[in-house]
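Worksheet: one structure, shown below.
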Amino acid sequence: MKKALLLVLLLGAGALLASYHVGNQHYYPVTQLASSDGYSFHLVQDRVDTRGACGRANDRFLAPVKARCAQCRVVYARCERELHGLQLRLLMGDPLPLHVVVAPGLRLAMDGQPATLRRDCEDMAAAIVQAGVASAACVHPGVMRRP
């Protein structure tokens, strides 16, 4: 009986610790898209507190993209606990060799046709504002941004 009680107590303590650990995790919704005309898009959204919220944030971003861009392919849409490389640089606002659309809650790096990329970035920022976001701006390569 004592062994069973001890086992139940240990299992309960383990479950409590696991619950605490999972409850304190944070996730970044990250997405990469590619279009048939040679564009690629790398998106980092603001951190969320649960994996479910992260998945919903990716879904909210992708739904209008899929509706408006039939030739766009989702390379990945995932929830990261830690960011590295381009994703971390986007989040931190580091200067990048890419055009970046910055809006509340997201940063979107664009790579594509050099002749039209600047205009396309500015058009993307304008479209985000037209969709109801308070503000969005295209930041040109090499410029420091605030996250």
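The values are calculated or read from the model by the stated rules, or taken from the named source; none is laboratory data. Just so you know, these numbers come straight off a predicted model, no measurement behind them. Note that each Cβ is placed from the backbone with ideal geometry, even for glycine, and that neighbours are counted across all protein chains shown. The area values use the complete protein model at the heavy-atom level, side chains included, leaving out ligands, DNA and RNA. Shrake-Rupley method; radii C 1.70, N 1.55, O 1.52, S 1.80 Å.
List of remarks:
- Given (1) in contact (Cβ under 8 Å) with a residue 40 or more places away in the chain; (2) open to solvent by 60 Å² or more (accessible area, probe 1.4 Å), number of the condition residue 105 does not satisfy: (2)
- Consider the range 30-53 and keep the residues that are assigned to a helix (DSSP H, G or I) and touching a strand residue (DSSP E or B) at 6+ places or on another chain (Cβ under 8 Å). The one that is least open to solvent (accessible area, probe 1.4 Å) is 53.
- Yes/no for residue 133 being in a loop (DSSP other than H, G, I, E, B), surrounded by 13 or more Cβ atoms within 10 Å (Cβ to Cβ), in contact (Cβ under 8 Å) with a residue 12 or more places away in the chain and not aromatic (Phe, Trp, Tyr): yes
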